[in-house]
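J.: Just dropping this structure here.
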Amino acid sequence: MAASKPVEAAVVAAAVPSSGSGVGGGGTAGPGTGGLPRWQLALAVGAPLLLGAGAIYLWSRQQRRREARGRGDASGLKRNSERKTPEGRASPAPGSGHPEGPGAHLDMNREPLMPSPQFIKSYFSSFTDDIISQPMLKGEKSDEDKDKEGEALEVKENSGYLKAKQYMEEENYDKIISECSKEIDAEGKYMAEALLLRATFYLLIGNANAAKPDLDKVISLKEANVKLRANALIKRGSMYMQQQQPLLSTQDFNMAADIDPQNADVYHHRGQLKILLDQVEEAVADFDECIRLRPESALAQAQKCFALYRQAYTGNNSSQIQAAMKGFEEVIKKFPRCAEGYALYAQALTDQQQFGKADEMYDKCIDLEPDNATTYVHKGLLQLQWKQDLDRGLELISKAIEIDNKCDFAYETMGTIEVQRGNMEKAIDMFNKAINLAKSEMEMAHLYSLCDAAHAQTEVAKKYGLKPPTL
């Protein structure tokens with residue numbers, strides 16, 4: 001493990017408010033303006049990282065971090081990019097409330113945790129050409145009369161893969177990896193599908209090291225369905241991007257486009273990759289191709305609007321901003337059941353300080369997806385920015401945790417706010433909970449740096465009798 005950088009600078013930055021910061025400090029800081037207000041430190045903390053989905057949120061977060069670093073802002077609790085942790089396996093030592101300082105060793109024995117059903121469903125909803133997530137075919141069921149409420153489905157064949165598919169329909173996700181392993185060990189006729197499904201769930205629990213050999217094998221199976229191979233390339237490419245290997249990621253997406261040029265998922269997910277690489281024009285071209293192939297793709301249309309908006313916003317082009325905002329209106333009118341359309345529009349409205357309308361958009365999201373904890377976190381952060389209503393913001397973030405106690409975004413955001421309130425012990429507890437739910441090495445490294453900085457700030461305060469500044 002590479003040695004982490006000293007955290008003293010981060011502690012000082014976190015302890016000293018930047019000019020113009022504070023909840024009472026007024027509105028948002030636009031491009032090229034002074035320091036970010038304190039509430040935006042929470043906004044600079046990440047959203048849940050869906051492998052191949054949600055890249056818009058991640059890109060927006062990265063942009064905010066870059067801006068904050070450039071301003072010398074109090075976001076000293078930023079990720080230490082040099083810290084490396086084992087993929088999906090690290091956690092604080094049992095019985096400790098925090099890592100033992102910046103050089104702490106990481107426990108390799110963390111039990112992988114299955115994300116919430118809402119997270120899993122959101123992940124699979126970002127694919128339209130994914131064979132393994134399609135409902136079971138009639139011929140795969142032993143008795144169609146069994147497919148009734150209150151009665152379990154039974155598969156026609158003695159197949160681990162088909163049994164895993166049955167468990168998917170029942171949302172009994174914990175049993176899927178073991179059933180896929182049975183199919184693979186038996187070298188059954190669904191071995192390629194089982195490899196891909198097992199790899200997908202390894203990725204979902206944050207175990208990329210286990211996922212990669214399965215994905216490699218599917219990709220190398222020339223006789224496998226081209227849709228399976230393309231899907232494996234998309235997922236491996238997304239995994240590489242999480243591991244900060246953009247060249248390998250780009251190669252996989254390009255290979256997927258070569259072998260399955262009519263696969264809309266390739267262009268949808270490659271578009272998100274291009275956004276992360278700040279190649280917005282290429283991203284828009286990919287979204288356009290996805291929309292050409294799948295005109296009903298609400299996600300691609302919403303994400304295209306957001307890409308155009310961010311390009312206009314960072315370029316401070318008011319006419320293009322207005323065109324992008326009009327595009328959002330058209331998307332939500334055309335696809336009124338697409339929650340992500342409202343969510344992305346809400347982020348753009350927040351940037352434009354149209355807080356009331358942004359709040360309405362988040363309410364629409366909650367109406368459509370009441371079990372999506374992430375929306376409550378974003379709505380909570382909006383209350384801090386809009387009304388400086390800390391109590392309401394924390395209430396909404398607490399609601400997110402109540403809805404989904406595996407929402408790492410909620411714990412991370414709560415921890416960041418508690419740092420700013422001076423509640424270091426609670427902040428450390430929240431960061432540790434997020435660490436146990438991290439789904440990638442990159443996210444875990446970021447969370448450990450937050451936790452280390454909070455712990456170090458606590459130790460400095462104790463040693464010198466200081467009281468950390470609060471909101």
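The values are calculated or read from the model by the stated rules, or taken from the named source; none is laboratory data. Fair warning: this is a prediction, and the values are worked out from it, not measured in the lab. Cβ: placed from backbone, ideal geometry, glycine included. Neighbour counts: every protein chain shown. Keep in mind that these areas ignore ligands, DNA and RNA; they rest on the heavy atoms of the full protein, side chains included. Shrake-Rupley method; radii C 1.70, N 1.55, O 1.52, S 1.80 Å.
J.: Mind checking whether some residue in region 188-197 is closer than 27 Å to Asp258 by Cβ, in contact with a Ser or Thr (Cβ under 7 Å, 6 or more places away or on another chain) and either open to solvent by 50 Å² or more (accessible area, probe 1.4 Å) or in contact (Cβ under 8 Å) with a residue 24 or more places away in the chain (or both)?
T.: Yes, the conditions are met somewhere in region 188-197.
J.: Restricting attention to region 414-439, report how many residues are closer than 20 Å to Lys462 by Cα and in contact with a Pro (Cβ under 6 Å, 6 or more places away or on another chain).
T.: Selection size over region 414-439: 1.
J.: Additional query: Which is closer than 25 Å to Ser440 by Cα and open to solvent by 10 Å² or more (accessible area, probe 1.4 Å), of Ile184, Ile177, Ile234?
T.: Just one listed residue meets the conditions, Ile177.
J.: Moving on to the next point. Taking His378 as meeting all but one of (1) closer than 28 Å to Pro336 by Cα; (2) touching a Gly at 6+ places or on another chain (Cβ under 8 Å), write down the number of the exception.
T.: (2)
Conditions (1) more than 20 Å from Val377 (Cβ to Cβ); (2) buried (at least 20 other Cβ atoms within 10 Å of the Cβ); (3) in contact with a strand residue (DSSP E or B) (Cβ under 6 Å, 6 or more places away or on another chain); (4) touching a residue at least 24 places away in the same chain (Cβ under 8 Å), marked per residue:
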position	(1), (2), (3), (4)
Ala323	yes, no, no, no
Lys334	yes, no, no, yes
Arg337	yes, no, no, yes
Gly341	no, yes, no, yes
Ala348	no, yes, no, yes
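J.: Tally time: how many residues in region 206-224 are surrounded by fewer than 19 Cβ atoms within 10 Å (Cβ to Cβ) and under 21 Å from Ser125 (Cβ atoms)?
T.: 0
J.: Going through region 180-229 one residue at a time, which ones are polar (S, T, N, Q) and out of contact with any helix residue (DSSP H, G or I) (no Cβ under 8 Å at 6 or more places or on another chain)?
T.: Hits for region 180-229 are Asn207, Asn209, Ser220.
J.: Another one. When you scan region 337-348, do you find a residue that is under 30 Å from Gln262 (Cβ atoms) and more than 19 Å from the chain's Cα centre (by Cα), even just one?
T.: Yes, region 337-348 contains a residue that is under 30 Å from Gln262 (Cβ atoms) and more than 19 Å from the chain's Cα centre (by Cα).
J.: While we're here: What pairs come up if the first residue lies in region 418-443 and is within 16 Å of Asp391 (Cα to Cα), the second is of a type in the set (A, V, I, L, M, F, W, C) and part of a loop (DSSP other than H, G, I, E, B), and their beta carbons are under 9 Å apart, counting only those six or more places apart or on different chains?
T.: Pairs that qualify, where the first residue is within 16 Å of Asp391 (Cα to Cα) and the partner is of a type in the set (A, V, I, L, M, F, W, C) and part of a loop (DSSP other than H, G, I, E, B), are Val419/Leu77; Gln420/Ala74; Gln420/Leu471; Arg421/Leu471; Gly422/Leu471.
J.: May I pose another question? Just give me the residues in region 279-319 being touching a residue at least 60 places away in the same chain (Cβ under 8 Å) and open to solvent by 40 Å² or more (accessible area, probe 1.4 Å), in sequence order.
T.: Answer for region 279-319, where residues must be touching a residue at least 60 places away in the same chain (Cβ under 8 Å) and open to solvent by 40 Å² or more (accessible area, probe 1.4 Å): Arg294, Thr314, Asn316.
J.: Let me ask something additional. Give just the number: which of (1) at pLDDT 95 or above; (2) open to solvent by 20 Å² or more (accessible area, probe 1.4 Å); (3) of a type in the set (Phe, Trp, Tyr) does Phe328 not satisfy?
T.: (2)
J.: Another question about this same structure. In region 357-391, what count of residues is obtained for those that are open to solvent by 30 Å² or more (accessible area, probe 1.4 Å) and more than 21 Å from Ile403 (Cα to Cα)?
T.: Adding up the residues that qualify gives 5.
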